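The values are calculated or read from the model by the stated rules, or taken from the named source; none is laboratory data. This is a predicted model, so every value here is computed, not measured. Positions of Cβ are backbone-derived with ideal geometry, glycine not excepted, and every protein chain shown enters the neighbour counts.
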């Protein structure tokens with residue numbers, strides 16, 4: 001299969017070709033590797049690829065509880081993020097010199113499920129150091145570039161995943177989201193990305209929770225159905241998990257094809273915290289509202305109370321995130337025998353580590369209590385509205401280097417304050433544990449850059465989000481839009 005043919009299909013489509021005997025998994029893998037060769041030098045999205053042989057790996061031959069024939073993505077090439085998932089015998093380096101060379105000894109629960117889905121994982125994608133940024137520009141591997149404009153950021157922390165999918169290397173890729181880390185790259189790269197409900201996908205067994213439940217596992221994709229089918233295979237409770245989301249009434253793959261009905265949608269354009277939404281993005285919100293109204297939905301301006309003041313919200317998140325980071329860094333240093341200093345950590349990570357070490361027990365408990373207040377405040381909103389619409393980000397993708405300007409002067413709090421200022425719409429739903437998605441329904445007329453629209457729903461309501469996403473995908477198709485850096489271009493074989 002030529003790369004120019006490979007990039008025309010989503011993951012479900014490629015798996016269908018394999019099932020019909022029209023193409024082999026080996027031919028798909030050859031196309032994916034050629035795609036890496038063609039575009040990765042320009043975007044720097046893939047850290048490493050490896051041979052996909054038949055060596056026995058723990059978890060690979062574990063019986064699938066869903067029975068035979070339950071591998072809907074069999075033979076499809078796949079990439080995992082360099083963080084958040086462990087694949088036996090492969091390196092997981094977290095985009096950091098401190099973790100360089102670290103090899104996982106066993107599959108994490110999610111990796112077992114990815115294998116069972118039939119996906120063929122052949123590499124890992126870039127992340128900022130410790131996933132601690134909304135742009136992927138680590139000192140360890142260098143910046144990841146946006147396929148739509150290589151001068152710009154691909155977002156973060158799942159920036160490598162976003163750039164790889166947007167450029168056609170794979171149709172869907174693993175991603176994580178603790179403050180917008182999945183939705184931000186989806187918005188930057190013109191992709192679909194849904195952050196699941198807390199407890200929907202296990203993060204075990206090495207973690208009971210990530211950032212005290214702020215972090216979740218997910219994917220970015222070019223089509224809605226790919227994300228739905230993959231979440232069907234990723235979801236589920238594992239013994240010992242501290243959270244467990246309610247079982248959905250039907251497969252998410254079915255939800256994509258069902259009409260959402262007339263929805264009550266609130267729209268919030270002014271950002272929490274006061275950051276101004278730029279004119280191109282505000283215009284995209286207005287156009288999205290008109291599209292929703294044309295589909296029969298009731299859309300009204302909404303006031304959404306987080307239940308806490310913005311400064312209090314940012315401070316609590318800084319304490320939670322830096323204290324968690326400090327513990328992780330200390331554990332990595334102990335395991336590697338490396339020192340924690342400027343030779344192993346970037347300045348902002350080092351500063352956040354120091355800040356986290358100074359967070360007291362009572363401060364940490366108070367931050368957890370704030371998480372509860374935010375969750376209950378948003379639950380009150382979703383008792384009145386079905387969904388909330390916001391821009392995923394208040395501005396177009398930033399230029400590389402812009403986000404880090406002056407970062408060396410920031411402490412751990414200052415860095416989290418910057419994160420919330422530049423991405424003010426995303427983190428509330430991590431704190432509340434509710435699902436939210438970025439949908440690439442709009443683009444900027446002047447630059448052609450994609451603009452993501454975020455839709456958030458109440459706890460456990462991924463099905464509702466998938467129904468609306470399927471409707472929007474039909475009404476305003478985006479899969480045919482391709483960036484300038486595209487694996488199916490003239491240089492591909």
Within the stretch 189-207, does at least one residue satisfy the condition of being surrounded by fewer than 20 Cβ atoms within 10 Å (Cβ to Cβ), more than 30 Å from residue 487 (Cα to Cα) and in contact with a helix residue (DSSP H, G or I) (Cβ under 7 Å, 6 or more places away or on another chain)? yes
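Within the stretch 106-135, count every residue that is under 22 Å from residue 234 (Cβ atoms) and assigned to a loop (DSSP other than H, G, I, E, B).
Residues flagged as under 22 Å from residue 234 (Cβ atoms) and assigned to a loop (DSSP other than H, G, I, E, B) within the stretch 106-135 amount to 8.
Going by the conditions given, is residue 150 part of a loop (DSSP other than H, G, I, E, B) and in contact with a helix residue (DSSP H, G or I) (Cβ under 8 Å, 6 or more places away or on another chain)?
No, not satisfied.
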Please go through the stretch 102-119 and pick out each residue that is in contact (Cβ under 8 Å) with a residue 24 or more places away in the chain, touching a strand residue (DSSP E or B) at 6+ places or on another chain (Cβ under 7 Å) and either surrounded by fewer than 20 Cβ atoms within 10 Å (Cβ to Cβ) or under 27 Å from residue 341 (Cβ atoms) (or both). 102
Could you run through the stretch 227-263 and say how many residues are under 22 Å from residue 203 (Cβ atoms) and in a helix (DSSP H, G or I)? 9
Only unsatisfied item for residue 323, checking (1) over 30 Å from residue 103 (Cβ atoms); (2) outside any loop (DSSP other than H, G, I, E, B); (3) without any contact (Cβ under 8 Å) to a residue 60 or more places away in the chain, is (1)
If you go through the stretch 1-42, how many residues are touching a residue at least 24 places away in the same chain (Cβ under 8 Å), surrounded by fewer than 17 Cβ atoms within 10 Å (Cβ to Cβ) and not in a helix (DSSP H, G or I)? 3
Inspect all residues belonging to the stretch 61-74 and state whether any of them is at pLDDT 95 or above and either outside any loop (DSSP other than H, G, I, E, B) or within 18 Å of residue 130 (Cα to Cα) (or both). no
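On the basis of being more than 19 Å from residue 73 (Cβ to Cβ) and modelled with pLDDT of 95 or more, does residue 161 make the cut? If you could, list the steps in order and put the result at the bottom.
Details: more than 19 Å from residue 73 (Cβ to Cβ): no; modelled with pLDDT of 95 or more: yes.
Judged against the criteria, residue 161 is not a match.
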Take the residues of the stretch 433-445 that are on the phi < 0 side of the Ramachandran plot and within 17 Å of the chain's Cα centre (by Cα): which is surrounded by the most Cβ atoms within 10 Å (Cβ to Cβ)? 438
